[in-house]
Amino acid sequence: QEFFQVHEQFHGLRLVQQVCRHIDVPSVLSDALMLCDAFKYVSRVDTCVTIIQRTMLAPRMRHGNSVTVNRAEKCASLLHDIFAKDDVLAKKVGERVAAFCAETLVDCRKIIMKGSFVEEAKRQAMMASS
């Protein structure tokens, strides 16, 4: 078994990636950015983009009996929080997320043209949430 070692860059990166998986935890953004501050070699832009991408692609989730998490609102809230912390970071993240959305739409168009949109969307959502 390998133990966590602060000086190993791979270990810090893996820790940040693990935190980014918990998109429905209210403190995910602040937790991830705190780790970026601790591990200077981990990109704050990449980390924020990862959290937003995971949120965008995650399946709908129900809280309680009737409340459904609105992923679009969650993404907007994340971007708002990033702007509140660092507007330069937010602009970079926004550009990267917009490019990701454009690429995703192109890919979706290709999938629709092939007639396998529903199966592929489910597969991608499951991959994003794991």
Within region 104-117, is there a residue that is hydroxyl-bearing (Ser, Thr, Tyr), over 22 Å from Asp24 (Cα atoms) and either modelled with pLDDT of 95 or more or outside any helix (DSSP H, G or I) (or both)? yes
Given the residues Val97, Val42, Val67, Val93, which is the only one that is at pLDDT below 95, crowded, with 17+ Cβ neighbours inside 10 Å and more than 24 Å from Glu119 (Cβ to Cβ)? Val42
In region 70-90, residue least open to solvent (accessible area, probe 1.4 Å) [restricted to those that are of a type in the set (D, E, K, R) and under 17 Å from Ser43 (Cβ atoms)]: Asp86
Only one of Leu29, Leu35, Leu79 is out of contact with any strand residue (DSSP E or B) (no Cβ under 7 Å at 6 or more places or on another chain), over 19 Å from Ser129 (Cα atoms) and at pLDDT 95 or above; which? Leu79
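The values are calculated or read from the model by the stated rules, or taken from the named source; none is laboratory data. No experiment lies behind these values; they were computed from the predicted model shown. All Cβ positions, even for glycine, are placed from backbone atoms using ideal geometry, and neighbour counts span all protein chains on display. The accessibility values were calculated without ligands, DNA or RNA, using every heavy atom of the protein model including side chains. Shrake-Rupley method; radii C 1.70, N 1.55, O 1.52, S 1.80 Å.
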